[in-house]
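The values are calculated or read from the model by the stated rules, or taken from the named source; none is laboratory data. It should be emphasised that the depicted structure is a prediction, and the values quoted were computed from it without experimental measurement. Virtual Cβ from ideal backbone geometry, glycine too; neighbours counted across all protein chains shown. With ligands, DNA and RNA removed, areas are computed over all heavy atoms of the protein, side chains included. Shrake-Rupley method; radii C 1.70, N 1.55, O 1.52, S 1.80 Å.
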Amino acid sequence: MVASGVLGWSESVPASPSYAIAMHGKPALPADFNHMPYADPDAPRGGRLVQGISGSFDSLNPFIVKGVAVQQIRGFVVESLMARGNDEPFTLYGLLADSIDTDEARTYATFHLNPLARFSDGRPVLAEDVLFSWQLLRDRGRPNHRQYYSKVAKAEALDERTVRFDFGGTGDRELPLILGLMPILPKHAIDAATFEQTSMTAPLGSGPYRVTAVKPGASVTLTHNPDYWGRALPVNRGLWNFDAIRLDFYRDANSQFEAFKRGLYDFRVETEPLRWHDGYDFPAARNGHLVREAIKTGLPAPSEYLVFNTRRPMFSDIRVREALTLLFDFEWINRNYFFGLYSRAGGFFAGSELSAYARPSDEQERSLLKPFGSAVRQDILDGSYRLPVTDGSGRDRTALRAALALLSQAGYELDGSVLRHRPTGVPLAFEILVTTRDQERIALTYARDLKRAGIEVTVRSVDAVQFDQRRLAFDFDMIQNRWDQSLSPGNEQSFYWGSEAADIQGTRNYMGVKNPAVDAMIAALLEAKSRPDFVDAVRALDRALMSGFYVIPVYNVQEQWIARWNRIERPEATALTGYLPETWWQRPPKPSQ
């Protein structure tokens, strides 16, 4: 979920209809707020934004498993009942629904639709569309939608613009907000029987843009709807300023960067430190036509990991996974490839109060984890565990000895220069699947270090489309991946590491976690009513995940690196979540003299 400055936490939730709902505590903005604090309500309108995107697409439906879809359809074309406040941990404000009510225990949620809400064909958004969307996505949508929406015990239309969802005592306090983010699709324009098929048909939505041009696999053009019903809503003032947005797709990362240097698209989010460090020494960057910004967010630091697919026999033993963690030489990689720009930490909530890494557990955490015995290692429980630190030589003998000792316990021994499983004689070997230059360099360096332990690693580079397809199908031994986290983790954690998700292709449980302690901690954070209880549950989850050695932490990203041509401008204020292109605008032409 999303995050920001934490207000006071409270167990009380208004029972009468409210303009907003916060996961904990109260919304930061008053009922009569005029605009979001990170948007400029006086931003000029017009012009065009061109965005360069890695990969390709074969579908305009981002709500199903099949195909590689254009994700920007959601938000720009298809709206949800409520809109996120990007300056808060997890708060929703009225959009298609102008108010919501629930009880203190959050056993139900009732949404009251805005009478002005319209789809782009002019038809009103009604309760029947909400119920249709819920049922369609529950039965035929992506795995996360099926998982979330199946928690609803009963759904009914109280009138043509009021919908009530009852939760049947699930104890999941996030459900009213999860439903508030549900995309609303037009019942009159969708055939449920063919919904799960990939399609290049432009979807009908209620959002500020419509799809007006498609070049399959290459580009999609979104054009602002002049009759957009929600233009004057407080959540939208200062947003959606461009007349048109074109999404250009590039299969090759180098070609994509060269296109940016030529001004063929307007901004890029840089993810390669080498390129950020010395790749922007070209005329437009030197003469000020290009703006580079390093933006610090208030969220847990995004972290990259090498992910063990524990469904593979060679990674089923935790001692093997821990040994391979010892052999990753972060110090060498950071110095030689990344100019020392990165740090790293254990766990999945680095740099935030939610992180359990290097932090002793308190009494409540230990109480939560007690039923699961040895599921959490003692050194992770008491906060003394640290990621291995090498001498940075690429030949650290201490790390190698410790790794070989663990591998011996797991039944492996060196046979000459090959590490073999003693009972079977099978060598320890695997493939690392990569799709970017940085991923390939990291994988090749890691393969070099593993070879010193007798482990044979193949590095296979594929394009972004094939990489995504194989990742979603869990068709890999090891990949590099990142899970972005917020200050209000919730139901998506089941999608990331829940036992049920491990067997469902299309989820993000890439490592195949099946751990009762993890499942229980996810349930505990969803049931938490107070801030302290919530933080304890998330930290306990972090400890259970760290103890499983499901990933090798590669590095933490401390900033968002954004480069944009100066014809594109943005508000002075930055949201807690970082950059938001929907708040940007095209610089108006200077008036003629």
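Distance between the pseudo-spin-label points of S374 and E160 (7 Å out from Cα toward the beta carbon): 6.5 nm.
Relative to the current alpha-carbon distance between R262 and D475, full extension at 0.36 nm per residue lengthens the span by 73.0 nm. With contacts taken as Cα pairs under 8 Å at a separation of at least 6 residues, the chain carries a relative contact order of 21 percent. Using the rule -39500 (n - 2.57) for each DSSP H run of four or more residues, divided by the residues of the chain, the 222 nm mean residue ellipticity is -7000 deg cm²/dmol.
Can you compute the FRET efficiency between A192 and S384 using 1/(1 + (r/R0)^6), with r the Cβ-Cβ distance and R0 = 41 Å? Round to the nearest 0.05. Write down the numbers at each step before the final one.
Numbers: r = 55 Å, r/R0 = 1.33.
Efficiency for this residue pair is about 0.15.
Relative to the longest principal axis of the Cα atoms of the chain, the long axis of helix 397-409 lies at roughly 90 degrees.
What GluC sites (Glu not before Pro) does region 158-242 have in DSSP loop regions with at most 10 other beta carbons within 10 Å? All intermediate terms of the calculation are to be shown ahead of the outcome.
On the way: sites: E160, E174, E196; in loops: E160, E174, E196.
Taking region 158-242 and a limit of 10 other Cβ atoms within 10 Å, no loop GluC sites (Glu not before Pro) are found.
Using a probe of 1.4 angstrom and keeping all protein chains present, the accessible surface of the chain works out to 40 square angstrom per residue. Across region 30-42, computed HN-Hα scalar couplings (Karplus, 6.51 cos²θ - 1.76 cosθ + 1.60, θ = phi - 60°) run x, 4, 9, 5, 9, 6, 5, x, 9, 10, 9, x, 9 Hz from first to last residue, x flagging Gly and Pro.
Expressed as a whole percentage, what fraction of the accessible surface of region 331-427 belongs to carbon and sulfur atoms when a 1.4 Å probe is rolled over the protein heavy atoms?
On the way: 2610 of 5210 Å².
That share works out to 50 percent.
Cross-link reach is defined here as a Cα-Cα straight distance under 15 Å, omitting same-chain residues fewer than 8 places apart; for K529 the aspartates and glutamates meeting it are E11, D103, E104, D172, E174. Can you give me the distance in nm between label points at A429 and D415, each placed 7 Å from the Cα along the Cα-to-Cβ direction? Result for the modelled spin labels: 1.2 nm. Once the chain from R123 to S16 is taken as fully extended at 0.36 nm per residue, the excess over their C-alpha distance is 35.7 nm. Protein heavy-atom surface of region 476-539, 1.4 angstrom probe: 46% of the accessible area is carbon and sulfur, with nucleic acids and ligands not counted.
Approximating the spin labels as points 7 Å out from Cα along Cα→Cβ, the D139-to-E353 distance works out to 4.4 nm.
Using the Cβ atoms and a cut-off under 9 Å, what net charge is assigned to the surroundings of K154, where Lys and Arg are +1 and Asp and Glu are -1?
Details: positive: R164; negative: E156, D166.
Overall, the nearby charge balance is -1.
How much of the DSSP beta bridge set in region 374-496 is antiparallel, as a percent to the nearest 5? Here the antiparallel bridges make up roughly 40 percent for region 374-496.
Computing the accessible area with a 1.4 Å probe over protein heavy atoms, can you report the carbon and sulfur percentage for region 40-131?
Details: 1430 of 2970 Å².
Answer for region 40-131: carbon and sulfur cover 48 percent of the accessible area.
Considering only alpha-carbon pairs that sit under 8 angstrom and 6 or more positions apart, the relative contact order computed for region 300-366 is 36 percent. Computed extension gain for R146 through D468, at 0.36 nm per residue and net of the alpha carbon distance, reaches 113.9 nm. Here region 227-304 was treated as a single set of alpha-carbon atoms; its pair distances binned every 5 Å from 0 give 3, 10, 17, 16, 16, 17, 11, 7, 3, 0 percent.
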